[in-house]
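Contents: one structure, followed by commentary.
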Amino acid sequence: MEDSEIKQIIEHLDQSLKKKNAKVLLAQYGGAPDESQFIGTKEGYLRFGIEIMKAAYAKKDEKDSITVDLEYLLSDDSNVSFEWFERRDVINEATTSETIKDKITSFIGMLVVFMIMVIIGAGFINGIRWLISLFW
C-alpha cells in the first residue's frame, strides 16, 4: 500500500470517528513505569490509534520532534502523560538498551560506593575503639 493511500485512510478515519466519547486513562498504579495501566472507552482506543497513525506522517522539526494530539483523550485523573514525541527513520538499539560501556560504568560506580562505605565503616569502628580505650 502506498503512503498516499494510507494517508487517505487515516484522514477518512479521523473524520469519521468523532472525539465526543473518546477518553483514555493512563495511570501508574505502582512505583515503577512498568506498573502502569491503559484504560479507555471504545472510542478512546480508536481515537488513540488514529492519533498514533497520524504521527507517522506528522511534520518533523530539526530534532525529529513531532506533534501528537493526545490531550483531548486523557481523562482528568490520568497521572501519566507523554511530553515528547520523536519519529526517526532508524532507532539505534544502543540508545534504547544498556551498552557494555554503561554496564562497566555502573559497576565501577557501585564499586566506588562500596569502597567508601567500607572506609566509613572502618573509621566508625576505629572511632568506637578509641572511645572505649579512653574509658577503660
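The values are calculated or read from the model by the stated rules, or taken from the named source; none is laboratory data. Because the structure is predicted, anything quoted here is derived from the model rather than measured. Glycine gets a Cβ as well: all are built from the backbone with ideal geometry, and neighbour counts include every protein chain shown.
Looking across the stretch 17-59, the residues that are in a loop (DSSP other than H, G, I, E, B), touching a Lys or Arg at 6+ places or on another chain (Cβ under 8 Å) and surrounded by 13 or more Cβ atoms within 10 Å (Cβ to Cβ) come down to Leu17, Lys19, Ala22, Thr41, Tyr57, Ala58. Residues being touching a residue at least 24 places away in the same chain (Cβ under 8 Å) and more than 29 Å from His12 (Cα to Cα): count how many of those fall in the stretch 34-79. Result for the stretch 34-79: 3. Note on the stretch 92-130: residues that are in a helix (DSSP H, G or I) and at pLDDT below 85 total 8.
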